[in-house]
Structure formats: C-alpha cells, structure tokens
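What follows is a single structure, written as structure tokens, with notes after it.
Every read-out reported here was derived from the displayed coordinates using simple, explicitly stated rules and does not represent laboratory data. Computed from a predicted structure; not experimentally measured. So basically every Cβ, Gly included, is an ideal-geometry build from the backbone, and we count neighbours across all protein chains shown.
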Amino acid sequence: MEMSDFLVDELISKVSEGSNWEALNRAAKTSRYCSRPIHLAPASHLLDGDIASAALGLKPDNYQGLYSKACGSRRHNLCPSCSKIYKGDARQLIGSGLIGGKGISEEVSNHPQIFATLTAPSFGPVHRSISSAGKPERCHPGPRSYCPHGMTLSCTERHRENDEIVGSPLCPECYDYKGAVIWNAMSTKAWQRTTIYLRRELAKLMGISEAELKKLVRISYVKVIEFQRRGLIHLHIVIRADDPENVELKPSISISTDKLELAFRLAVKRVRVPVEFGEEKRIITWGEQIDTRAIDAGSNGPGSTKAVANYLAKYATKSATESAGFEKRFKDAGQIELAKVSPHLRKMAQTAWELGQDPNYSSLNLAMWAHDLGHRGHFLTKSRRFSVTFKYLREIRSNWQAAEHMEHQEYQDNDGFFGSEVELIFVGQGWLCAADAYWASKLRADHEEARVLAWEQFMEERELEGMW
Ligand SMILES: [Zn+2]
Ligand SMILES: [Zn+2]
Ligand SMILES: [Zn+2]
C-alpha cells in the first residue's frame, strides 16, 4: 500500500515530536528493523521510574534505556524483516550442507547425495489440477458414480492450479479428516523409521552388517516440510553419505547414488507405524508417490546441487511464511471459524482442534498444533552433522553486530547496549505508535537499498581495477 506524501510527512513529524529520536533509531537498528521488536531492560534498572513502570505493564513513553531485539518470526505476515532474515539463514544452512561454505568444506558436494520427495497417502479423492504436456487434464473423469451421501465421484472440470477448490474432497462427508490430521501428526515418527530402515537396507545392498555399515558410513540429511493444497504435508529431503569420523570426507567404502536411491525407496516402502488412540487403531505409511533423484555436483541442470539448494530453500521459507494458511496458534475454536481459508482447510483445523480436546489423543497435543493441521514441529530439520545450525548463523550475526557497536562509542556509553552478563527482563513488544512503526520500516528500506548500492559500488570498483 502506497502512503500519500502528506501522510508520510505527518507521520515523520510525529516521530520526531513524540519519541526520543536517538533511542528510536537505536531500537530500530538493534532489532534489525523488526516489525514487532522485543524490548528488554536490565534487571538492575528496574527501580528507575520509567522502566519500573514498563515492567509493571505500563508502556514506556519511548525506548530510552531499553534493549530492543528482533522478534525472530519466520512468518512474513507477522514480521517481514525477521522472516527475510530467516529465509537467508535457511538458504545458508541448506546450501552449506550441499555445496559447503560457512565453515563446511566444499568437499561435501562430491559425497553421494540424493534428493527425495515423500508424500502422504490418500484420505479420499480430492479435486486436482493436473496437466500433461502443458495441457490441463480433467479432474476425475470416468463413469458417473455416487457416494453414500449422494455426491458425484467424478469431476470433468479442468481446474487451474490456483482454483480454490483444488485440494478439497469430492465429498467432505466421505473424506477421512481424522486420518489426515493423525497422519500429519505422526509423519515425524514415520520419518524416524525411514532413517532406521535406510541404514538397514543400505547394509543389505552392500552385503555387510548394520554394525559394519555404521563404522563406514554416516547418513546425514536435511528435510523440509511443504503443505499441499489438500492440507497434508510433503517432505523434501536431501540425504548425504559421509565418513562417520570426518564429515568432510566421503565414506571410505564406495556407495553409488543408485544404491543410495534404491535403499531409500526400499526403506520408504517398509515403513508401517502402528498407532493406537483409545479404540482407534491405524497404520501410518507413506503415500504411493516417491520421487528420488541423484544430486550431481558437476552438472548445471535440475539435478545440480545448486538447483536442489534453491528448490529446498524455496520450500523451507514458503512453508514457514505461508504455512497451511493459518497465521498462528489458536486460542479458541472461534478463531478457526473466522480465519480466511478454504472450507476444507478449516475442516482440517477444526478436526485437529476437536481431537485436541479428546483425552484419547492427548499424546498428540493437537490443540497446540491445529493451526498447522496437526503437523507438530519444525518446517526445516536436519541431522546434526548435515551443516551449520540456525543458532550458529545467529551467533555470527550477533557477534558482528556487537563488534559494530563497539566501534561506535556512543552505543557503549548509552544504556541501550549492555554486556552479556546483565540480566535482561522483558518489558514489552512492538512499536509504541504507528509513526514509530512506519519509521522503522522506512529505515529498513533504506538499509536494504544501501546494501545493494554498496555491492554495486564494489562491483564497479572491481571492474575499474580490471579484476573482472
Ligand atoms: Zn521481527
Ligand atoms: Zn474437480
Ligand atoms: Zn460421501
């Protein structure tokens, strides 16, 4: 949304009138231009008038004496600034595991690596957008038949990908909503089994025991969750074989990517996780559709390490920012009613919420995860050795930030920056007024532009020096 110049001028004049200008600018900078920064104060300062009132739940008038840090949200609709930082970190985390960087050797790109996608099974027919050779196909052609609820089980439409109906069941009454939610919730268990079976199948294919394999090969992975239109998750995974002692080395025994692919497919087929909730018994398996391909460090095509890194990073951030369509955790069932989502996704969330109230399903903690349609946990997970961690990337950044502050003496003298030994107490979150929020977003835009300009200048200078 474009703001009129008049409104902008008025807002800026309010910023300078109402707030301590320096404190506001510092808060914007230390929070990395976050939309809803978290404000902290040193416990020892809590006796001071201003901050004491803040700690008691009264808003401070400005950001003087507070340390403001980023909210760290991954979701764009909650904080564009922090979600962008998360996106960058996700890219680096995935990229460094595939092609090296951030302290990981480039050698990893020569290890046997495969890229796989795992799907959920069907819980009833849904409207689909399918095409062959670029032409849209009919959704569910075939003879007209009816379900017990009198709904037709064929659909001759050629749906476009963004049609709202895509992913919704042909008959919502027949659709196994409970099964779908439970599957989302248990998919992490199915993944655990898959990793165990992968080692087992690989050992068999190599003609050695599992114990021997363990001494020769470590399997590392990164996996990213993608929500499909039908509200079930897909898993996109990179699997890499390393030397167990030194992650920078290939396994000493030769493993072809073909063998790794085959072992993975066999493992996936074998997964059957029995679950029991009161009277209800189910078996969790993967869907029929398994896609695997070798990652080729040398190529530039769709199977290249770079292409896969980009593809995974895209999903990692798409899931985290768009998720299943719900912004955040529900506090009550009314919030599910009000959310702007398709009736199908609403029913998924409602089913999860209702199961969350049923003591038989208490182990799944579903009320807590209804906004993610039962899926519990992170969108991006990796085995310990795959690459660097989000924590590591955040630390590099905060060390850099601290070093930058040291250079500017005013930051140290000002009580906006405290040493790490100081106990900090939460006093509030967000900007105090619209003008402050606007100013922070303007600073962010300037900051991003300055970074681009610095890069362009660098490139230009290199060019002049004849280095390119
Ligand atoms: Zn933020
Ligand atoms: Zn259809
Ligand atoms: Zn039906």
Item to check | Length added when fully stretched, Q357-I396, from 0.36 nm per residue minus Cα-Cα | outcome: 9.8 nm
Checklist entry - Between the range 81-98 and the range 171-189, what is the C-alpha centre distance in whole Å? => result 31 Å
Item to check | Built amide H within the under 5 Å cut-off of S168, gap 5+ | outcome: H127
Item to check | Two-site FRET efficiency, Q228 against E22, from Cβ-Cβ distance with R₀ of 45 Å, rounded to 0.05 | outcome: 0.40
Checklist outcome for this item: Under 5 Å from the placed amide H of G101, counting only residues 5+ away or on other chains, we find E106
Checklist entry - Per-residue HN-Hα couplings for the range 355-371, Karplus 6.51 cos²θ - 1.76 cosθ + 1.60 at θ = phi - 60°, whole Hz, x for Gly and Pro? => result 4, x, 8, 8, x, 4, 10, 4, 5, 8, 6, 6, 4, 5, 10, 4, 5
Next on the checklist: Can you tell me what share of the DSSP beta bridges in the range 173-270 is antiparallel? A percent to the nearest 5 is fine.
Outcome noted: 100 percent
Checklist entry - What is the range 184-342 by shape, rounded, prolate or oblate, if you read a ≥ b ≥ c off the alpha carbon gyration tensor as root eigenvalues and call it rounded for a/c under 1.5, prolate for a/b larger than b/c, and oblate otherwise? => result oblate
Next on the checklist: Under the rule of at least 5 residues apart or a separate chain, name every residue whose amide H is placed under 5 Å from the amide H of V427.
Outcome noted: H39, L40, A41
Checklist outcome for this item: The ³J(HN,Hα) series, computed from each phi in the range 257-263 with the Karplus coefficients 6.51, -1.76 and 1.60 at θ = phi - 60°, rounded to the nearest Hz and given as x for glycine or proline, is 5, 4, 5, 5, 4, 4, 4
Checklist entry - Among the listed pairs K84/K178; K102/K382; K223/K328; K250/K314; K84/K223; K87/K391, which are separated by more than 25 Å between their Cα atoms? => result K84/K178; K250/K314
Next on the checklist: Highest mean first, how do 91-101, 353-363, 143-153 rank when packing is the count of other Cβ atoms within 10 Å averaged over residues?
Outcome noted: 91-101, 353-363, 143-153
Item to check | FRET efficiency, N246 to M368 (Cβ-Cβ, R0 60 Å, nearest 0.05) | outcome: 0.90
Next on the checklist: Using each residue's phi in the range 275-284, evaluate 6.51 cos²θ - 1.76 cosθ + 1.60 at θ = phi - 60° and report the 3J(HN,Hα) Karplus result to the nearest Hz, with x for Gly and Pro.
Outcome noted: 10, 9, 10, x, 6, 8, 10, 9, 10, 8
Checklist outcome for this item: Expressed in angstrom and rounded, the centroid-to-centroid distance over alpha carbons for the range 277-313 and the range 223-257 is 8 Å
Item to check | At q = 0.20, 0.23 Å⁻¹, base-10 log of I(q)/I(0) for the range 124-174 (Debye sum, equal scatterers on each alpha carbon) | outcome: -0.66, -0.83
